[in-house]
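To keep things clear, I will list the structure first and then write my remarks on it.
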Amino acid sequence: MSTSRPSVSVVVPFGEGPTQPLRAALEGIDRQEGDELIVADNSGGVAAALSDLARVIPATRERSSYYARNAGAAVGETEWILFMDADCVPRPGLLAAYFEAPIPTEAGAAAGEIIGDPDQRSLAARYARDRKVLSQTDGLYGRGRTVAATGNLMVRRAAFDELGGFVEGIRSGGDVDFCLRLQSAGWALEFRPGALVLHRHRESVPALLGTFARYGAGSSWLHSRYPGVGGRWPLSPRELARVGGDAARLSLRGDREQAAFRVIDGLGLVAHNLGYRSSNRARQAGPI
C-alpha cells in the first residue's frame, strides 16, 4: 500500500437512522496502513453494528454532533483528522486528493468540496443541490472562503488540540466558530476542491426547512459571539412579494421546477428567521 501521504483518522458522528449507508461510505474510503476509521455514536447504541469496520465509541452525554466529533478525535492517534458527516459519500481517492499537493505548514485545516448526491430525486434534494447548500466553494460555506463545513474537513491535530476542538453544547454553527478561531490563532484554512464527497440532502421539504431553522439558531449564536457574523436571512413583506412574483413568472414561462424552488426560497427565509429566535442549545436526549 502507498505511504506517500500522512495517516488520517476519519471521524464520523452518527446520530440516527440506518447504519448501512454509513457502512458503504466508510468502505469506500481509500485507506492505507496507519489510517483509522472512528464512528462517534451519538445515537445511544445503533452504531455498534459498525464495530467490525470502524472503532465505535459512545458519545451520548449530549445530542450534539460537535461533542461527538470531539469524542471521536480524542481517541485518534494520527497527525490529521478528517471530519466527515454520516450522510456524506466519499468519492474515490478522497484522502489522496487532500494530499495531492502538500498542505502548507501554516494551514491548520483544509476543506474539501461537498456537492449534492445526483441520485437523489426528491424536490427537496433537487432544490438543495441546485442551491449548492453545503458547497465549500460556491454555496453557503464557500462565499468568502473563510469558513468551511465539517461534512468534509481535514484538520491538523496540532491545530485542533491548540483550539480545544469544537465548542460543545450547541446544535449549529460550531464549524463556522471553529474556522474563525482557527484563523484568529494564526492558522490558515486551505481549500482542496478535488477532495470530494457527495451529500445526501433531506428528502422532504419540511425536513429541509427544519435544517434551515437549525441554521438560523446557529446564526443567532454566532452573531452573539462575533458581531457581524451570522445574522438573519433577509425577510420582509417586500422580499416575500418578490419571491412570489418570481415564482409566478417562472411558472407562467413553464419552468415549474425553478418556480417551486423560489417558493422554497421564501419558506426557507421564514424558517431561518424562526430558528433565529430559538435556542441553539443541544438537547440531552433524542436525535441530533
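The values are calculated or read from the model by the stated rules, or taken from the named source; none is laboratory data. As the structure is a prediction and not an experimental result, all values here were calculated from the model. All Cβ positions, glycine included, derive from the backbone under ideal geometry; neighbour counts span all protein chains shown.
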With respect to Leu37, is the statement that it is touching a Leu at 6+ places or on another chain (Cβ under 7 Å), within 25 Å of Phe99 (Cβ to Cβ), assigned to a helix (DSSP H, G or I) and at pLDDT 95 or above true? no
Among what's in region 149-186 and is within 22 Å of Asn42 (Cα to Cα) and aliphatic (A, V, I, L, M), pick the residue that is surrounded by the most Cβ atoms within 10 Å (Cβ to Cβ). Val155
Whichever residue in region 227-270 is without any contact (Cβ under 8 Å) to a residue 24 or more places away in the chain and basic (Lys, Arg) and, among such residues, is farthest from Asn280 (Cα to Cα): Arg253
Residues of region 248-273 classified as surrounded by fewer than 15 Cβ atoms within 10 Å (Cβ to Cβ) and either part of a helix (DSSP H, G or I) or among the charged types (D, E, K, R) (or both), total: 7
Filtered residues of region 21-48 (kept if crowded, with 16+ Cβ neighbours inside 10 Å and hydrophobic (A, V, I, L, M, F, W, C)): Leu22, Ala25, Leu26, Ile29, Leu37, Ile38, Val39, Ala40, Val46, Ala47
Quick check on my filter: what residues within region 1-58 are farther than 15 Å from Asp87 by Cα and hydroxyl-bearing (Ser, Thr, Tyr)? Ser2, Thr3, Ser4, Ser7, Ser9, Ser51
Being among the acidic types (Asp, Glu) and under 18 Å from the mean Cα position of the chain (by Cα), is that true of even one residue in region 49-72? no
What number of residues within region 11-39 are touching a Pro at 6+ places or on another chain (Cβ under 9 Å) and not small (Gly, Ala, Ser)? 5
Restricting attention to region 190-214, report how many residues are of a type outside the set (A, V, I, L, M) and closer than 16 Å to Gln136 by Cα. 8
Which condition breaks for Ser224 when tested against (1) without any contact (Cβ under 8 Å) to a residue 40 or more places away in the chain; (2) of a type in the set (Ser, Thr, Tyr); (3) surrounded by 15 or more Cβ atoms within 10 Å (Cβ to Cβ)? (3)
Answer yes if at least one residue in region 253-261 is among the aliphatic types (A, V, I, L, M) and not assigned by TED's automatic domain parsing to the domain that holds Ala125, and no otherwise. yes
